[in-house]
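The values are calculated or read from the model by the stated rules, or taken from the named source; none is laboratory data. All of these numbers come straight from a predicted model, not from anything done at the bench. Cβ sites come from the backbone with ideal geometry, for glycine too, and all protein chains shown count toward neighbours. Just so you know, the surface numbers come from the protein's heavy atoms only, side chains and all, with ligands and any DNA or RNA stripped out. Shrake-Rupley method; radii C 1.70, N 1.55, O 1.52, S 1.80 Å.
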Amino acid sequence: PSTFQAYKGQRRKPGTGCVSQINENLWEGRYSPIWPDGKKHPRNIYAHSLEECESKLAETIEEVKAEIAQEKERLKQIKKAS
């Protein structure tokens, strides 16, 4: 009998960024959301292990989402004032 090993695919869920291995001891996490002005503002993070990279990327995504929410609110205030 063979032991089952789950296959980990290449694709991640939308909005979770991507993680790639640059060399044997360096990982890169990248998150590129589209801002309210219609442009992409990519954010990169680097770490020495996959687990560290995933945790830093999750923190970065939360921070960027908060920044985007603030920007949307700022743009709403500008429209109301006009």
* Structure fact -> A correct Karplus calculation of ³J(HN,Hα) over segment 34-45, with 6.51 cos²θ - 1.76 cosθ + 1.60, θ = phi - 60°, whole Hz and x for Gly and Pro, returns 9, 7, x, 7, x, 9, 8, 10, x, 10, 10, 10
* Structure fact -> For segment 43-82, dividing by residue count, accessible area per residue (probe 1.4 Å) in Å² works out to 76 Å²
* Ignoring any ligand, DNA or RNA, what whole percent of the accessible area of the chain comes from carbon and sulfur when the probe is 1.4 angstrom? -> 52 percent
* Compute the relative contact order of the chain as a whole-number percentage, counting only Cα pairs closer than 8 Å that sit 6 or more residues apart in sequence. => 21 percent
* Using θ = phi - 60° and the Karplus relation 6.51 cos²θ - 1.76 cosθ + 1.60, list the HN-Hα couplings for segment 8-18 in order, rounded to whole Hz, with x at every Gly or Pro. => 9, x, 7, 8, 10, 5, x, x, 10, x, 9
* Asked: By how many degrees, 0 to 90 and rounded to 10, does the Cα axis of helix 50-81 deviate from the longest principal axis of the chain?
  -> 10 degrees
* To do: Towards the positive end of the charge dipole of the chain, with charges on Cβ (+1 Lys, Arg; -1 Asp, Glu), say which of GLN77, CYS18, TYR46 has the farthest Cα.
  => GLN77
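Using a simple charge model, +1 on the beta-carbon of Lys and Arg, -1 on the beta-carbon of Asp and Glu, nothing else, what dipole does segment 6-82 show about its Cα centre, in debye to the nearest 20?
Roughly 620 debye, rounded to the nearest 20.
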* Structure fact -> Interchain or sequence-distant (5+) residues whose placed amide H lies within less than 5 Å of the amide H of HIS41 are TRP35
* To do: Just the number, please: Stokes-Einstein D of the chain in µm²/s, Kirkwood Rh from C-alpha pairs, 25 °C, 0.890 mPa s.
  => 164 µm²/s
